[in-house]
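The structure appears right after this line, and notes come after that.
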Amino acid sequence: MSELPKNLYRAEKVRELDRIAIEQLGIAGMKLMERAGNAAFNVILSHCPRAKRIAVVCGTGNNGGDGFVIARMADAAGFRVMVYLLGDPAKLKGDALTAYERLEGSHVSIFQYEGHSFEMFDVVVDAMLGTGLQGEVKGPFRQAIDNINQARAGGASVLAVDIPSGLHADTGRVLGVAVQANLTITFIGMKQGLLTASGPDYCGQIVFNSLQVPQELYAGVTPSALRIEAEDFTSLFGKRAPTTHKSQCGHVLVVGGNSGMTGAVRMAGEAAARSGAGLVSIATRPEHALLVNVQQPELMCHGIEQKSDLLPLLDKADVVALGPGLGQDEWAQMLFETVMQSNLPLILDADGLNLLADHPRERANWVVTPHPGEAARLLNGSVTDVQADRFYAAEQISQRYGAICVLKGCGSLVCTGKTVSGGDGDMVLCDAGNPGMASGGMGDVLTGIIAAFVAQFHDLSSAAKAGVFVHARAADLAAAGNERGLLASDLYAHIRGLINS
């Protein structure tokens, strides 16, 4: 993936950026369209060097206008180019009409789209539907999308202009059907939906181009979310003082590890230790305590049978991680209620979240880390509802429970609980990570990392954001391109390098 901007926007805000560029900064819309077409054509040249035949599939809006510019430039460069237009040419207007008219005198063949196949082309350019799409894709657009995807399956490269047609720019959900691109070039403002939910599946490699607009353009439009970058944590992971001792690095208490789930607390505990916590204690089933301690002698393991066994451990801890391997039986519920009665900072995961869904409450100073299934239970909805708008789901969980919400998944989100739908809250997105993380124990490791950062840095928001990034980046380093077979414990070796500057 090419370097992407930090600021992420909803579609309406990108349209506002366009408006300001044209109306206030005096950049002609046609000039922006020419720049967009040129940038997209250069992507074809650099990524598809053997291409000879190009199909450009256009709608009648400005997205189609970008496609007409691409077609003209490809023709001038000697490619065999065919344009397929969906919609009545009489509906073309403004800059899109100008771009269409400039095709006159070229060798570009223009066809009204009537179910054509694109399998004879080396490259298919999707310039049909832009960021304004809201409803489900229907009619000839749906057929065109199906045929573009068939061409890709047959070996053609697919370039989406600004956004794959059929993908919702704000949420990353598929509106019935969407173009599955190899490459997506997007302009002026980075659309947040490209990086989460189904966005990464359909965008392929993303290339961002600002179209040479001045930086001042962005001053008046607040982003809807921010993309997490390593530079965000430079000061957090500064070099420790020579006199640092373990009591200054915090004491993490991990609570869980019910019958058959010993590994969960062990992984969370080791992750906390590898992430710099000074001390890590484990509260688990009595029969598990010795086993965990033998496997990882740095962990202080305690068998818990009743509430009175846990209270002294809470008195000594700086932060609690509750949930890894917790279960939902009476023992688990006793631990859950005991921890909830304490005032310690809390990281809640796994079955801790399921118990919270059954016994909902608000609480101060805590982080909840649901995957989409757990998020659905916390919201009394469905996974489909959560994935339809992950930003909204994260916001609702934060507000309902008074928590910082880490909504895990492709394009993990961290929401502090402020209102984000208007774009003036605190929502960040992590685009690091890979499909190899779809394996058991990954969430336990994340819980341990966040808990360790809370113990050391005493700020839940920074700890949640840094934890999500370090976890995902460590997974990328561990996978090194070989994602299948990645284990949660493979991340440990890479965590230390990421947190030592």
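Looking at the chain alone, DSSP beta bridges between its own residues are antiparallel in about 15 percent of cases. Counting 0.36 nm for each residue step from GLU337 to SER235 and taking away their Cα separation leaves a gain of 33.1 nm.
Computed over the Cα atoms, what is the radius of gyration of segment 352-418 divided by 2.2 N^0.38 Å, N being its residue count?
Numbers: Rg = 10.4 Å, N = 67, 2.2 N^0.38 = 10.9 Å.
Compactness ratio reported: 0.95.
The H on the amide N of VAL207, modeled in the peptide plane, is under 5 Å from the matching H of THR184, ILE185, THR186, each at least 5 residues off or on a different chain. How about LYS239: which lysines have a C-alpha closer than 24 Å to its C-alpha, ignoring those fewer than 8 places off in the same chain? In chain and number order, the partners are LYS465. Centre-to-centre separation between the Cα atoms of segment 274-347 and those of segment 472-501: 26 Å. Around the amide H of PHE118, modelled in the peptide plane, lie the amide H atoms of ALA151, all under 5 Å away and 5 or more residues distant in sequence or on another chain.
Rounded to the nearest 500, what is the chain's calculated 222 nm mean residue ellipticity when only DSSP H runs of at least 4 contribute -39500 (n - 2.57) each, over all residues? Before the final figure, lay out the partial values.
Values: 17 runs with 192 residues, N = 501.
Value at 222 nm, helices only: -11500 deg cm²/dmol.
Net charge around ARG10, counting only other residues with Cβ within less than 10 Å of its Cβ (Lys, Arg = +1; Asp, Glu = -1)? The answer is 0. Spin-label pair ALA77-LYS52: with each label point 7 Å from Cα along the Cα-Cβ axis, the two points sit 1.7 nm from one another. The distance from the alpha carbon centre of segment 148-205 to that of segment 56-74 is 17 Å, rounded to a whole number. Charge tally for ALA51 (other residues, Cβ to Cβ under 14 Å; Lys, Arg +1; Asp, Glu -1): +3. For segment 121-218, the spherically averaged projection of the C-alpha convex hull amounts to 6.2 nm².
Summarising the amide proton neighbourhood of VAL83: residues at separation of 5 or more, or on other chains, whose placed amide H is nearer than 5 Å comprise VAL56, SER109, ILE110, PHE111. Extension gain, ARG363 to LEU290: 0.36 nm times the residue separation minus the Cα-Cα distance gives 23.0 nm. Projecting the Cα atoms of PRO286, ALA272, HIS245 onto the charge dipole of segment 224-317, computed from C-beta unit charges around the Cα centre, puts HIS245 farthest toward the positive end. Label-to-label distance, ASN38 versus SER247, with points set 7 angstrom from Cα along the beta-carbon direction: 6.6 nm. Taking the longest Cα principal axis of the chain as reference, the axis of helix 286-295 is set at about 70 degrees.
Remark: segment 320-330, residue by residue, has Karplus-estimated 3J(HN,Hα) of 10, 10, 10, x, x, x, 6, x, 9, 7, 4 Hz, where x stands for each Gly or Pro and the curve is 6.51 cos²θ - 1.76 cosθ + 1.60 at θ = phi - 60°. Qualifying GluC sites (Glu not before Pro) in segment 15-117, where qualification requires a DSSP coil assignment and no more than 12 other C-beta atoms within 10 Å, comprise GLU104, GLU114. Couplings for segment 368-383, taken from phi via the Karplus curve 6.51 cos²θ - 1.76 cosθ + 1.60 with θ = phi - 60°, read 10, 10, x, 7, x, x, 5, 4, 4, 5, 5, 9, 6, x, 10, 4 Hz in order; Gly and Pro are left as x. With Cα atoms defining each centre, segment 258-272 and segment 428-471 are spaced 16 Å apart in the structure. Across segment 445-455, rounded Karplus estimates of 3J(HN,Hα) from the backbone phi angles (6.51 cos²θ - 1.76 cosθ + 1.60, θ = phi - 60°) give 5, 4, 4, x, 5, 4, 4, 5, 5, 5, 4 Hz, Gly and Pro being marked x. With Cβ to Cβ distances under 14 Å as the rule, what net charge do the other residues near LEU486 carry (K, R +1; D, E -1)? Summing Lys/Arg as +1 and Asp/Glu as -1 gives -1.
Where a number appears in this text, it was derived from the coordinates with a stated rule and is not lab data. Note that the coordinates shown come from a computational prediction; the quantities given were computed from them, not determined experimentally. FYI the Cβ positions are ideal-geometry reconstructions off the backbone, even for glycines, and counts take in every protein chain you see.
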